[in-house]
Amino acid sequence: MIIEQKLKELQIVLPEAPKPAAMYIPVKQIGNALFVSGQIPFRNGELVYSGKVGSERSLEEAQDAAEICVLNIIAVAKEYLGNLDKIKNVTKLQGFVNSEATFNKAHIVVNAASKLLYEIFGEAGRHARTVVCTNELPLDATVEIEAIIELIG
């Protein structure tokens, strides 16, 4: 339980894995690849951050939202796998930032998620990444992040 120990060292308590809000599954495994559906900043069943970055939300709030999304990704993976030590590496993140047309710092928003994954998984947390701004996300969420994770075995 190396990853669980690292979470304790970082004083991170994983949230309960969010349940799907529509007709999809939270995780799909194909071989050693785990595809985690897009996660929005839910905490205890409540959407913590909604609204557009650049008008309704600050950069710092959006970064916090991105970190919550990543914790939800990890929580969903743990619920599916039972043990986070089955994760070999985080392969790719795709981040979406609900923002005003003039906002051009989506990469900085999702950097918060990337940094957190590195803190938790070390080199195995470094990943390829795509980030885009969009004019709307489900439930008006501020950020949504999905992941592809490689498993051991």
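Does T102 qualify as being surrounded by fewer than 21 Cβ atoms within 10 Å (Cβ to Cβ), in contact (Cβ under 8 Å) with a residue 40 or more places away in the chain, under 16 Å from the mean Cα position of the chain (by Cα) and farther than 18 Å from Q11 by Cα? Quick ask: steps written out before the conclusion?
Numbers: surrounded by fewer than 21 Cβ atoms within 10 Å (Cβ to Cβ): yes; in contact (Cβ under 8 Å) with a residue 40 or more places away in the chain: yes; under 16 Å from the mean Cα position of the chain (by Cα): no; farther than 18 Å from Q11 by Cα: yes.
No, not satisfied.
Would a scan of region 118-130 turn up a residue that is open to solvent by less than 40 Å² (accessible area, probe 1.4 Å), among the small types (G, A, S) and at positive phi?
Within region 118-130, the subset open to solvent by less than 40 Å² (accessible area, probe 1.4 Å) is 120-122, 124-125.
This time we only want the ones that are among the small types (G, A, S), so: 122, 124-125.
Going one step further and asking which of them are at positive phi, we end up with 122.
Yes: one or more hits.
Please go through region 39-60 and pick out each residue that is under 15 Å from the mean Cα position of the chain (by Cα) and either free of Cβ contacts under 8 Å to residues at least 24 places away in the same chain or within 24 Å of T102 (Cβ to Cβ) (or both).
Those that are under 15 Å from the mean Cα position of the chain (by Cα) and either free of Cβ contacts under 8 Å to residues at least 24 places away in the same chain or within 24 Å of T102 (Cβ to Cβ) (or both): I40, P41, V48, Y49.
Name every residue in region 21-47 that is touching a strand residue (DSSP E or B) at 6+ places or on another chain (Cβ under 7 Å) and either of a type in the set (S, T, Y) or open to solvent by less than 60 Å² (accessible area, probe 1.4 Å) (or both), in order of residue number.
Matches in region 21-47: Y24, P26, V27, A33, L34, V36, S37, G38, Q39, I40, P41, L47.
For region 120-148, what are the residues that are within 16 Å of Y49 (Cα to Cα) and part of a helix (DSSP H, G or I)?
Correct list: P138, L139, D140.
Looking only at region 3-20, filter to residues that are within 16 Å of G45 (Cβ to Cβ) and in contact with a helix residue (DSSP H, G or I) (Cβ under 9 Å, 6 or more places away or on another chain); which one of those is most open to solvent (accessible area, probe 1.4 Å)? I'd like the intermediate steps shown before the answer.
Of the residues in region 3-20, the ones within 16 Å of G45 (Cβ to Cβ) are 13-20.
Adding the requirement that they be in contact with a helix residue (DSSP H, G or I) (Cβ under 9 Å, 6 or more places away or on another chain) leaves 13-18.
Values: V13: 127, L14: 39, P15: 35, E16: 147, A17: 8, P18: 25 Å².
In this case the residue turns out to be E16.
Here are V76, V109, V97: which of them is part of a strand (DSSP E or B) and either within 18 Å of V132 (Cβ to Cβ) or open to solvent by less than 70 Å² (accessible area, probe 1.4 Å) (or both)?
The conditions single out V97.
The values are calculated or read from the model by the stated rules, or taken from the named source; none is laboratory data. Note that the structure is a prediction, hence the values are computed from the model and not measured. Don't worry about glycine lacking a Cβ; one is built from the backbone with ideal geometry, like all the others, and counts go over all protein chains shown. These area figures cover heavy atoms from the full protein model, side chains too; ligands, DNA and RNA do not enter into them. Shrake-Rupley method; radii C 1.70, N 1.55, O 1.52, S 1.80 Å.
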